[in-house]
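Have a look at the structure below, then the notes.
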Amino acid sequence: KDLTLRGVNDPTIEASNSASEFTIPESGPTWEPIVFAYGGSTSGVNISGTGVINVDISGFTIDGAGTQPSASRKPGILYRNANGKISNNKVENMGVGGKQTFGILAYGDSTVTIVNNTISEYERGGIGVVGDGGTHPSPTADIRANTVTGSTGIGEAWGPNGIQIGFGADGKIINNEVSDNRYAEEAFTASGIIIFESDEVQVKRNTVTNSDVGIAVGSWGWFRSSADNARVVNNDVNEANAGILLRAVAFDGISSSDSSVSNSKVVNNNISDPD
C-alpha cells in the first residue's frame with residue numbers, strides 16, 4: 001500500500017534491540033533497517049518481486065542508538081522498489097564500530113527525492129542510491145539541500161562516503177553540505193561525494209569539507225563499466241587529499257577499454273586546502 005508517514009513535533013524512531021533482518025535481491029548482505037519501505041512480496045525475511053509502492057517520510061528523528069547491528073548493514077531509512085520523498089528528517093547516531101551503517105539508502109525500482117535531511121555518525125555512508133550493476137532495475141534520485149556529517153574517524157573498518165550514486169543508478173546531487181568523511185591520512189579511500197559506475201550524474205553547487213577525496217567519479221572495471229558524462233560544476237571543496245578525482249581502473253586480465261570515465265565536465269569549482 002502507498003503511505004505518507006509524517007512526524008509532528010519531531011517524534012523519534014529509535015533502533016530496536018531486537019530488530020528484524022531482511023534480504024533484498026539487489027544486494028547480497030543481510031539488512032537491519034530502522035525504517036524500511038519496500039514494494040514486492042515477502043517470504044519470511046526475503047524481499048523479492050517487482051511491485052512498486054509510493055511512500056513519503058518527513059519530520060522524524062531516526063536514532064540509531066549508536067549500536068552495531070546483528071546483520072551486515074544497518075540503514076536509518078531503506079527504500080526498495082519505493083517511489084517518494086524523504087524530507088526534513090534527522091538520521092543520527094547510526095553507530096561506528098565495524099559494521100556497515102548508513103543514513104538513507106535506495107535500491108531497486110525506486111524514484112526518490114531526498115531533500116533537507118540532516119544525517120550524521122555513520123560508518124559506511126550518509127546517503128546512497130545504488131543499483132546492482134546487473135539485471136535488476138536501478139534507482140533514480142534527486143538529492144538536494146541535505147547536511148551530511150561523518151564520524152571524523154581515521155582508520156575505522158570502512159571508508160565512509162557522504163553521498164553516493166553508483167552501480168547504474170542515476171540522478172542529481174545539488175546544494176548539499178558534506179563534511180568529515182575520512183579514512184586515511186594520505187590515501188584516496190573515503191569520499192565526500194562519489195559517483196561510481198553510473199553515467200550522466202550531475203554534481204552541482206555542493207560544499208564538501210574534510211574528506212580523503214572531495215568529489216570522486218570512478219569506474220573500477222571488474223566488468224564492462226563506466227562513469228561517463230558526469231557534470232561536476234560550481235562546487236566548493238576544501239581539506240581533501242584529492243579535491244576532485246576522475247579515475248578509471250582496469251584489473252589484471254581486463255582490457256583498459258572495459259573501464260571508462262569519459263566526456264565529463266569539471267567546471268567552475270573552487271578547490272582549496274590549508275596544506
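The values are calculated or read from the model by the stated rules, or taken from the named source; none is laboratory data. Remember, predicted model here, so these are calculated numbers, not experimental data. Using ideal geometry, Cβ is built from the backbone for each residue, glycine included, and neighbour counts are taken over all protein chains shown. Side chains are part of the model used for accessible areas, which takes the heavy atoms of the whole protein and leaves out ligands, DNA and RNA. Shrake-Rupley method; radii C 1.70, N 1.55, O 1.52, S 1.80 Å.
For LYS99, the lysines whose Cα falls under 24 Å of its own Cα, not counting residues fewer than eight places away in the same chain, are LYS74, LYS90. Over the stretch 158-275, the pair-distance histogram of Cα-Cα distances with 5 Å bins from zero comes to 3, 14, 23, 24, 20, 11, 4, 1, 0 percent, rounded to whole numbers. Average accessible surface for the chain: 42 Å² per residue, computed with a 1.4 Å probe over protein heavy atoms with every protein chain in place.
Take every Cα pair under 8 Å whose residues are at least 6 apart in sequence, average their separation, divide by the length of the chain, and the relative contact order is 11 percent.
Atom-type composition of the exposed protein surface of the chain places 43 percent of the accessible area on carbon and sulfur (1.4 angstrom probe).
Each label point was placed 7 Å from the Cα along the Cα-to-Cβ direction; for THR111 and ASN175 their separation is 2.1 nm. For the stretch 1-152, the relative contact order is 20 percent, taking Cα pairs closer than 8 Å that sit 6 or more residues apart in sequence and dividing their mean separation by the residue count. Each principal axis of the Cα cloud of the stretch 19-96 was taken in turn, and the coordinate range along them, longest first, works out to 32, 28, 16 Å.
Taking all protein chains as shown and a probe of 1.4 angstrom, LEU5 keeps an accessible surface of around 60 Å². Only lysines eight or more places from LYS204 in sequence, or on another chain, were considered; those with a Cα closer than 21 Å are LYS85, LYS172, LYS265.
Taking max minus min of the alpha-carbon positions on each principal axis, the chain gives extents of 44, 39, 30 Å, largest first. For GLU200, nonlocal amide neighbours, meaning residues 5 or more places apart or on other chains whose placed amide H falls under 5 Å from its own, are ASP228, ASN229, ALA230.
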